[in-house]
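Worksheet: one structure, shown below.
Readers should treat all values here as calculations from the given coordinates under stated rules, not as data from a laboratory. Just so we're clear, the structure is a prediction, and the values are computed from it rather than from any experiment. Cβ coordinates were reconstructed from backbone atoms using ideal geometry, including for glycine residues, and neighbour counts include every protein chain displayed.
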Amino acid sequence: MGTHVTRAGSQIGRDARADMTTVIDSIRSIVHSLRVSGRQAEQRLGITSAQLYVLQQLQDDSALSINQLAERTFTHQSSVSIVVSRLAEGGFVTRTAARGDARRLSISLTPTGRALLRRAPDAAQMRLIDGLRILSRAELKSLASSLTGLTSILGDQASNPAKSASPRPRIALRA
């Protein structure tokens, strides 16, 4: 009576089921928080949560490069570049050639961008990163490893649906 049969036909114990429920509920909560924050940013400010997050990284510096913004936002530079382009189109940032290196762009807030930030809540990404910073190094490493494994499995299933029907579990659940 202490086991549950999964869709693939394997059984998991009550403790593992409780842990899975906790993980799924936590992921749902994080996704919900990001969605709500994103909607609020768009409705209240007219920008995406990603744009708000980049603006908030710029508020304490006179100017940052795309690479510096990518590092601060834990994002690939190509993604940051797209966000910065949209912010520049909206008049929230300026892009100028950096002193001493015309190939490098220097990103700065405009007065319009600063005014928007004065009425903006913290981006959900800021709260997420603040929460991750509270974790011990061991907890953060374990979480990173676990989430990487899970996203790899989900990516495999998305690219090859036949694999998701496989009865072989890829991760052993330990009670």
**OP:** For the range 25-78, enumerate the residues that are in contact with a Phe, Trp or Tyr (Cβ under 9 Å, 6 or more places away or on another chain) and among the hydroxyl-bearing types (Ser, Thr, Tyr).
**Re:** THR73, THR75
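Only residues that are of a type in the set (A, V, I, L, M) and closer than 15 Å to ILE82 by Cβ: list them for the range 40-50, please.
ILE47, ALA50, listed by residue number.
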**OP:** Report, ordered by the first and then the second residue, all pairs with beta carbons closer than 9 Å, sequence separation of six or more or different chains, a first member in the range 65-85 that is free of Cβ contacts under 8 Å to residues at least 60 places away in the same chain, and a second member that is part of a loop (DSSP other than H, G, I, E, B) and among the polar types (S, T, N, Q).
**Re:** LEU69/THR75; VAL83/THR48; VAL83/THR75
Subject >> Every residue from the range 107-132 that is under 14 Å from the mean Cα position of the chain (by Cα) and without any contact (Cβ under 8 Å) to a residue 24 or more places away in the chain >> reply: ASP130, GLY131, LEU132
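Residues are listed down the side, and each one gets a yes or a no for (1) closer than 16 Å to VAL84 by Cα; (2) in contact (Cβ under 8 Å) with a residue 12 or more places away in the chain:
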{"position": "GLY13", "(1), (2)": "no, yes"}
{"position": "SER29", "(1), (2)": "no, no"}
{"position": "GLY38", "(1), (2)": "no, yes"}
{"position": "LEU52", "(1), (2)": "yes, yes"}
{"position": "LEU55", "(1), (2)": "yes, yes"}
{"position": "GLN59", "(1), (2)": "yes, yes"}
